[in-house]
Structure formats: structure tokens, C-alpha cells
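Note sheet for the following structure.
The values are calculated or read from the model by the stated rules, or taken from the named source; none is laboratory data. Predicted model, so just to flag it, every value in this text is computed and none were measured. Cβ placement follows ideal geometry from the backbone for every residue including glycine, while neighbour counts extend to all protein chains displayed.
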């Protein structure tokens, strides 16, 4: 699979995350239909609602790994706890007022799921050793394991509105089985780096302290 295809996947991931944030999260019925796909494989009956929302954003030619990643992250966005969902809707409204680039900055304030996990530890939501164990379990897993373990971790993070870069998570899960070692190393590197840089609070930490 070429790098050009990877770039296309990135732009489609942004488009899907924006669609879910703007169009799906505010509507209870659509949100519930997509959330039902959490930890499900595309084609199972409970993924039908998610596939309706995701289909137009999928890369072509058809890639089962990409389809699974796009459905999985759309479902995680819709299944996040109430506090995370309200924060996502507030970010969406902010983006509508000041432009798309501002909303994208909200997502890109974190670089990966490892970075998000470091924020959670810095906020004392979980011990560093427990979070490290969770991350190591994901990073040792192939796609089936990652798709099983990532959703509860994301739910934990979003319960306290810790930022998640949704488009990047779509990309990472799309490429997981083909580039797992590279992606896992980046997640762990950014996790440890985030812990080491915790002396100066990040945007995410400051936001939490101000609540």
C-alpha cells in the first residue's frame, strides 16, 4: 500500500471525525446507532448504523482494516461518556464560531493515544504503572486485541474529557497490523515523553485545573 494511499486515509479520517462531531453526536438516535458498533466487526448487525454514517468516508479500493478502524473510532466517539461527549460538542461549537482550523487544533493538541494516556497520569486519574500496563497490553496485540482493548481505554480517558486525537487514532488502527511496531513505539515514546515533561502543564492539564 503506497504512501499516497496513506495520505488519502489521513484526509478521510479527518472528514469522518468532523462528520461524527458535527452531524452525529448532537442527534441521540444517530449517535446510539453508531455507538452500538463498539468492539464489533463490520458486517455484524449492530454495525449497520455505523456503516451508514461511515461508508462515504472509506478509502478506495476497499480495505477491510481501514473499514474496521473507521467504524471503530466512529463508535468510540459516539459511545464516550457524557462528560466527554459534552466536551466534544463544545469543541464543535467553538470550531463553528472560529473556523475549522480551531476545531482541528483541539484534536491535534495531542499527538497519539500514548500522549493522551500521559495526560491522564499527570492528572492523577490513574497511576503511571497501571497505565503503562494497559498500554503495553495494547502494543503487544495484533488488530483483534487492539480493537478489544482500545475502546475501554478511550472510554476511561473521555470520562474525564482527556483529549483524544480521533483522526490519528483512525489512521493508527488502520495501519496497526502492517505497522504495529512503528505505531506502538510512537505511542510509548510519546507516553513516556509526556510524563517527563509534566513539570510545565499542557493545555489539557490547564483546562482540567480550571474546571
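Just a few scattered comments:
- Pair list, Cβ < 9 Å and 6+ apart or interchain, from segment 3-16 residues that are on the phi < 0 side of the Ramachandran plot and modelled with pLDDT of 95 or more to residues that are surrounded by 14 or more Cβ atoms within 10 Å (Cβ to Cβ) and outside any helix (DSSP H, G or I): 12/58; 12/59; 16/58
- Residue within segment 32-39 that is loosely packed, with under 12 Cβ neighbours inside 10 Å, without any contact (Cβ under 8 Å) to a residue 40 or more places away in the chain and closer than 18 Å to residue 17 by Cβ present: no
- Residue 50 more than 13 Å from residue 70 (Cβ to Cβ), surrounded by 15 or more Cβ atoms within 10 Å (Cβ to Cβ) and without any contact (Cβ under 8 Å) to a residue 40 or more places away in the chain: no
- The conditions of being over 14 Å from the mean Cα position of the chain (by Cα) and in contact (Cβ under 8 Å) with a residue 40 or more places away in the chain are met by residue 120.
- Scoring residue 188 on the criteria (1) touching a residue at least 24 places away in the same chain (Cβ under 8 Å); (2) exposed (fewer than 15 other Cβ atoms within 10 Å of the Cβ) leaves a single failure, condition (2).
- Test for residue 205: is it assigned to a helix (DSSP H, G or I), surrounded by fewer than 22 Cβ atoms within 10 Å (Cβ to Cβ), modelled with pLDDT under 95 and over 16 Å from the mean Cα position of the chain (by Cα): yes
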